1. Sequence-distant or interchain residues sharing an amide H contact under 5 Å with His281, placed H: which?
2. Running Debye on region 38-117 with equal point scatterers at the Cα sites and no solvent, what base-10 log of I(q)/I(0) appears at q = 0.19, 0.20, 0.23 Å⁻¹?
3. Would you calculate, for the chain, the mean residue ellipticity at 222 nm contributed by helices, counting each DSSP H stretch of 4 or more residues as -39,500 (n - 2.57) and dividing by all residues, to the nearest 500?
4. Are there cysteines in the chain with no second cysteine's Cβ under 4.7 Å away, and if so, which?
5. Could you give each residue of region 286-296 its phi-based ³J(HN,Hα) in whole Hz, using Karplus coefficients 6.51, -1.76, 1.60 with θ = phi - 60°, and x for Gly or Pro?
6. Could you grab the relative contact order for the chain? Cα pairs under 8 Å, six or more apart, rounded to a whole percent.
7. Please compute the net charge surrounding Pro23, taking Lys and Arg as +1 and Asp and Glu as -1 over other residues with Cβ under 14 Å from its Cβ.
8. Obtain the nm distance between the two label points defined at Phe267 and Ser181 by a simple spin-label model: each point lies 7 Å from its Cα along the Cα-to-C-beta direction.
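Each reported figure results from applying straightforward, stated rules to the coordinates on display, with no laboratory input. Everything numeric here is computed off the predicted structure, so don't read it as measured data. No Cβ is skipped: glycine too gets one built from the backbone with ideal geometry, and neighbour counts run over all protein chains shown.
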Amino acid sequence: MKLNDVLDWILEATQSPPPKPMPAFPKIVEKKCTGCGICQKECAALIIEMRDGMPFIARGIDCVECGHCVSVCPTGAIQDPLAMRTDNRPYKFEDFPSSKSLQLLFRARRSVRKYKDKPLSRPVLEKILDAGRYAPTGGNRPDVHYIVVTSPEEIEWLRGAVLEGALTMFRKLQKLAKPASLFMGSETLDTFNYYIPILEDWQDRWNKMGDDRLFYNAPALMMVHGKKWDEIVGFGNAVSLYQASLMAQTLKVGCCFNGFLQIIPNFDAKVRKRLEIPKQHKCYGAMSLGYENQKFRRTVRRRPPNVVWR
Ligand SMILES: Cc1cc2nc3c(=O)[nH]c(=O)nc-3n(C[C@H](O)[C@H](O)[C@H](O)COP(=O)(O)O)c2cc1C
């Protein structure tokens with residue numbers, strides 16, 4: 001962690017938060033309401049009170065706009081003021097993908113490292129992004145900002161800058177890890193010793209043969225970023241990107257998460273600036289995407305989970 005980062009953090013932590021905007025809390029349509037009280041019991045923010053046998057929005061300011069009241073109401077008496085026509089669609093459990101088909105998606109999805117030389121259209125990318133916005137986020141406050149890169153020039157720039165940035169960072173850290181390994185063990189040093197020749201090889205392959213081991217010649221990259229120093233925001237970003245990646249699979253669009261593209265903007269000011277990621281943000285996930293140019297035919301083995309039952 002750099003001194004600048006620590007100062008930023010102190011500055012941020014000591015600033016008073018911006019005034020809270022008024023949420024778009026739900027409206028109760030009295031003539032449809034039977035007073036069953038299910039909405040009041042379901043409300044996680046405890047903003048609904050029962051008054052004279054009818055629900056009443058007592059503290060709209062604290063509404064988190066989760067929509068549970070709209071979702072549980074048996075008579076459709078609760079309306080979300082911002083909902084579009086298709087937002088509040090009734091559904092049945094039977095409409096869900098079965099556990100078998102979901103399990104197959106989880107088992108059959110693969111990190112795709114061979115892409116067709118075919119661009120992804122805007123509507124396809126929008127469908128993938130749309131899956132991300134339905135992911136759960138802490139307090140239903142999705143501090144998830146997407147970057148979608150499809151310009152070949154921009155991808156080329158990023159490829160060079162991320163490889164160079166990763167090598168510079170790992171070489172610096174390798175120097176620090178050498179003396180530290182004498183009393184902390186060699187695990188960290190081993191990691192840098194492992195990755196540096198790999199990254200050098202990738203740079204070489206790209207420069208000499210156009211063999212792209214970083215993005216695999218993908219026609220698109222997708223990244224997510226949100227507020228720094230907030231692990232809950234970090235988890236929300238990761239879940240959103242993963243949800244988007246699963247939707248991609250159902251559209252025959254392959255993805256591969258990319259640890260280098262994720263971490264380098266957080267360390268290299270040049271890359272962060274080019275991507276216009278604000279200083280107070282951190283990149284929490286990145287992936288390459290494109291139409292699959294590899295046919296996977298069977299599911300694969302995985303290790304059993306590390307789990308403690310208590
Ligand atoms: C956070 C994260 C970062 C990853 N970074 C890379 C990467 O930089 N390059 C790559 O080829 N694969 C990357 N992967 C993909 C993993 O290597 C892959 O998930 C793993 O080998 C299992 O294969 P599967 O995804 O096909 O099941 C990453 C995966 C995750 C979750």
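1. Correct list: Lys228.
2. Computed log10 I(q)/I(0) values: -0.89, -0.93, -1.09.
3. On the way: 10 runs with 135 residues, N = 310.
So the helix-based figure for the chain works out to -14000 deg cm²/dmol.
4. Cys33, Cys36, Cys43, Cys63, Cys66, Cys73, Cys255, Cys256, Cys283
5. Calculated HN-Hα couplings, in order: 8, 8, 9, 9, x, 5, 5, 10, 8, 9, 8 Hz.
6. Values: 418 pairs, mean separation 63.0, N = 310.
Relative contact order, the chain: 20 percent.
7. Values: positive: Lys20, Lys27, Arg59, Arg141; negative: Asp62, Glu65, Asp80.
Around Pro23, the charge tally is +1.
8. Simple spin-label model gives 1.6 nm for this pair.
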